[in-house]
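What follows draws every value from the coordinates through simple rules; no lab data is involved. Predicted model only: the values in this text are computed from it and were never measured. Note that each Cβ is placed from the backbone with ideal geometry, even for glycine, and that neighbours are counted across all protein chains shown.
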Amino acid sequence: MSKEQKKENFYTQDVASVLSALKSSKKGLTTQEAQQRLAEYGRNELDEGEKRTLLAKFIDQFKDLMIIILLVAAVLSVITSGGEGVTDAIIILAVVILNAAFGVYQEGQAEAAIAALKSMSSPSARVRRDGHVKEVDAKELVPGDIVMLEAGDVVPADMRLLEANSLKIEEAALTGESVPVDKDLGAEIPGDASIGDRLNMAYQNSNVTYGRGMGLVTNTGMYTEVGHIAGMLANTDETDTPLKQNLNQLSKVLTYVVVVIALITFIVGVFLRGQEVLTGLMTAVALAVAAIPEGLPAIVTVVLSLGTQTLAKRHSIVRKLPAVETLGSTEIIASDKTGTLTMNQMTVEKMYYNGQLYDANDDIEQNNMALRVMNFANDTKVDQKGKLIGDPTETALVQYGFDHNFDVREELKTEPRVAELPFDSDRKLMSTVHKLGDSTFLVAVKGAPDQLLKRVTQIEENGAVRAITEADKDTILAANKSLAKQALRVLMMAYKYEDTIPELDSETIENNLIFAGLVGMIDPERPEAAEAVRVAKEAGIRPIMITGDHQDTAEAIAKRLGIIEADDSEDHVFTGAELNELSDEDFQKVFKQYSVYARVSPEHKVRIVKAWQNEGKVVAMTGDGVNDAPSLKTADIGIGMGITGTEVSKGASDMVLADDNFATIIVAVEEGRKVFSNIQKSIQYLLSANMAEVFTIFFATLFGWDVLEPVHLLWINLVTDTLPAIALGVEPAEPGVMQHKPRGRQSSFFSGGVMGAIIYQGILQTLLVLGVYGWAIINPEHAGNQAIHEDALTMAYATLGLIQLVHAFNVKSVYQSIFKVGLFKNKLFNWSIPAAFILLMSTIAIPGFNSFFHVARLSLTQWGVVVIGSLMMVLIVELVKAAQRAAGQDKKAI
């Protein structure tokens, strides 16, 4: 077993203390020391965790109560029916195996998260061993190693930086911050600093975008920040989806009902009516099979699968089927900022020059010195396809130039760069020197306003240059403050002319400058995000922003999107540092007042999600970074980003957005609500129909009637429990679906008036079937008890089958008239009903079939009674719905 590594706050210690703690020096380790430590600490890789066999995963899928009931019913139907129940048993078994296979596939997909983390590891590292720099496998790194870093490298382990020359590291996958971090070894860092604020550290799997540096490895493998996240992933239990909870609840209810009714039927038949024990058992089992909607698991799977296809066309890739329905019950959407609510692309928004503030869309002169300096003092490259490559801040400046017909590439052909002073995190400035056509030289300088303004002695206004005054500086600082309050990242531009190339040191080249202007940049909100937030709020969903970015930036974007009202003076922003100071119990008391969380860590994100779940809310969480993976897995539905997302975040997600767009989530929520509503319709249809079958047999047994035989129930179930129920699962969304509040976790398939509808509609079908049977007995068309019995049984069988088909139209809406929701909008429904009708009636009309099913040919009068009895189902339900609407029950159900 490897030795435990130190988890100290190395970022709060000076270099000498860190080197001493890790028993190392700037010369690095010897090969012998490295080998010894490798044996002590283990390889620099992530644990795979315990893997279950494919067989174990497959067996687990059969532990669901509904599946067990179906299997038992299938076996009993074969045993007691003398082989007549084989078809039904085969169908049940096929459904169960299909669902189990799909469950195994889903589990295998979920296990890809930690595998993706492993694949992200850097393949090699340049390390100082035996006093020389050599390249080694990153897996061989140990605490105490000295590693060299330069632009383009992936940081191979967690390390305390010893040197940082203009070093910038992009840590978005860990922190969510959209801009690379300028590393600063001189900064004083508090012990509670978040990862993004630890300016003297570099973390595994982050990317070096600029400059070079040297670092001391402090932690490897599972002890790195990425390893910590992998551990959280392995130990995070996935939350049961509302769909699974509802199906479990339904299974329990059906179990109790089926057992009780089957037992009563058996007792009445054997002990009160004198049936043989086997006959009574056959009837009871047939009743049990009739009561269980064996097609339900398959129907749910089909409806969800069709939902995934619809979502795929709308840029949402669903990885786990239940996620489709979970979306519909979502009450909280906890969204990452960068790339989801924003464009993930720094963009110029404001310009300040000539003493005025301008919008980025305003025209600007080609010879404007602010425009020229921001493009000249810039290291952005343009590839052959015209894509800008470089630091996001610098590419934003060049893009602004392109948008205003200023092509820096053409300008540099006539005014080439001849010297430069690169950006430095101490100076916070960058300067370039350009040769002009008149043999003079332009010095272009851009950088932090607080640093650059100290070096300015003149100011340009409308083409005229004059000495800068204190009033001018106050005006510039006020403009800078105004832009900063809008959470814009502000840079200042200045310049001067020289007769010769100046000496390349800061004191010479970056002094006595002329102020040119200010530029304000931000990663702007997506154009459609604000409307999506509005729709979410209208739908009763609360949007929350959780980001690793700075508090001011997060608050500004939240107000621009409407997550926080623009004129709201209340404090709705909570930081990771503040969260660290609260226990889970204390946080649970106050978390509802906050809509924005800034500078948070992976643990914070999980705590926020769990806080809402503890309130019984259904939470959707979006994310794209490694740091988002634990919270994505914890949430009821994790939503990964398809474009900017890491494979780790995608692997931990239930759904992936192909366009990284928050608005797509709202589209998916609408589809999820439709899917739940349609599953509800299928359940209402199946259970009301099955209740009619159960009650018909039950009451017939009490009255001493032989209304239906087991083969009739099995065939009706086979025909009506498949095509119409599946067709109801793809009904169009009812109007106003996004004006309703979310169902929430406490709702069920029986909510919204469905339970009442199932009961009265099941009883109504029973009364109509028994009524038709009674009419046939009272008004016989043939003499003889056997002929009368066959006619009555056939009419009851035909009525029960036909009444269920016409009842499918009733179920299109719980309260609305079928003439309002549309009889023929659903193409699948339009042909499924005739197909089911043909299958049902063929057992009566086709010679040979009727003898197999023990039914007789009916006269026109008898068919007329059957049809009228069936259509009464629609008429009576329409009258009940009208009365319910008049009483306002449809409004109460929303």
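So for the range 512-626, considering every pair of alpha-carbon atoms, how many percent are separated by more than 23 Å?
So the pairs more than 23 Å apart make up 35 percent of the total in the range 512-626.
Give the cross-link partners of K473 among the lysines, using a straight C-alpha distance below 20 Å as the criterion and excluding same-chain residues fewer than 8 apart.
Partners found: K350, K428, K446, K454, K481, K485, K496.
How much net charge surrounds V866 when only the other residues with a Cβ under 14 Å from the Cβ of V866 are counted, with Lys and Arg +1 and Asp and Glu -1?
Within the 14 Å Cβ shell, the charges total -1.
In whole angstrom, note down how far apart the Cα centers of the range 530-607 and the range 348-407 are.
Answer, in whole Å: 33.
Taking the Cα of I189, stepping 7 Å toward and past its beta carbon, and measuring to each backbone N in the range 582-624: which are under 17 Å?
Under cut-off, by backbone N: 599-602.
Which whole-percent values make up P(r) of the range 124-191 when all C-alpha to C-alpha distances are grouped in 10 Å steps starting at zero?
In order of increasing distance, the bins hold 18, 47, 31, 5 percent.
Could you give the spread of the C-alpha atoms of the range 752-894 along their three principal axes, from largest to smallest, in whole angstroms?
Over the range 752-894, Cα extents along the principal axes are 54, 33, 22 Å.
Scale the Cα Rg of the range 347-522 by the rule-of-thumb value 2.2 N^0.38 Å and send over the ratio, two decimals.
The range 347-522 yields a ratio of 0.96.
Tell me the label-point distance for the pair F699, Y497, using the 7 Å Cα-to-Cβ offset, in nm and rounded to one decimal.
10.3
Restricting to the chain, what percent of DSSP beta bridges are antiparallel, rounded to 5? Walk me through the numbers on the way to the answer.
Working: 74 of 97 bridges.
Here the antiparallel bridges make up roughly 75 percent for the chain.
Please work out the C-alpha center-to-center distance from the range 713-747 to the range 438-495 and express it in whole Å.
65
Do you know the relative contact order of the range 627-701, to the nearest whole percent, from alpha carbon pairs under 8 angstrom that are 6+ apart?
20
For N512 paired with K592, estimate the spin-label separation in nm (one decimal), with each label point 7 Å from Cα along the Cα-to-Cβ line.
6.6
For the chain, what is the largest minus smallest coordinate of the Cα atoms on each principal axis, given in angstrom and ordered from greatest to least?
That gives 124, 67, 51 Å along the principal axes, largest extent first.
Relative contact order for the chain: what percent, with Cα pairs under 8 Å and sequence separation of 6 or more?
13
So, counting K/R as plus one and D/E as minus one, what does the shell of residues with Cβ under 13 Å around S20 add up to? Before the final figure, lay out the partial values.
Working: positive: K6, K23, K26, R160; negative: E8, D14.
Once all neighbours under 13 Å are counted, the net charge is +2.
Give me the net charge of M430's neighbourhood, meaning all other residues with Cβ under 11 Å from the Cβ of M430; Lys, Arg count +1, Asp, Glu -1.
Values: positive: R427, K428, K446; negative: D379, D391, E394, E420, D424, E510.
Its environment carries a net charge of -3.
For the chain, what does the helix formula give at 222 nm: sum of -39500 (n - 2.57) over DSSP H segments with n ≥ 4, over the residue count, nearest 500 deg cm²/dmol? Don't skip to the end; give the middle numbers.
Numbers: 35 runs with 431 residues, N = 894.
Computed mean residue ellipticity for the chain: -15000 deg cm²/dmol.
Which of the pairs K681/K881; K559/K589; K320/K650; K592/K674; K252/K320 have their Cα atoms more than 18 Å apart in this structure?
K559/K589; K592/K674; K252/K320
If I require 24 Å or longer along the helix axis, counting alpha carbons, and a Kyte-Doolittle average no lower than 0.5, what helices from the chain are left? Use full DSSP H segments.
86-110, 242-267, 296-313, 662-703, 754-778, 827-845, 860-886
Quote to one decimal, in nm, the extra length available between V253 and K435 on full extension: 0.36 nm per residue of separation minus the C-alpha distance between them.
That works out to 57.1 nm of additional length.
Mind giving me the nanometre distance, one decimal, between the label points for D584 and N830, set 7 Å out from Cα along Cα→Cβ?
So the label points at D584 and N830 sit 5.5 nm apart.
Roughly speaking, what is the centre-to-centre gap between the range 822-848 and the range 627-699 when only Cα atoms are used, to the nearest Å?
One Cα centre to the other: 30 Å.
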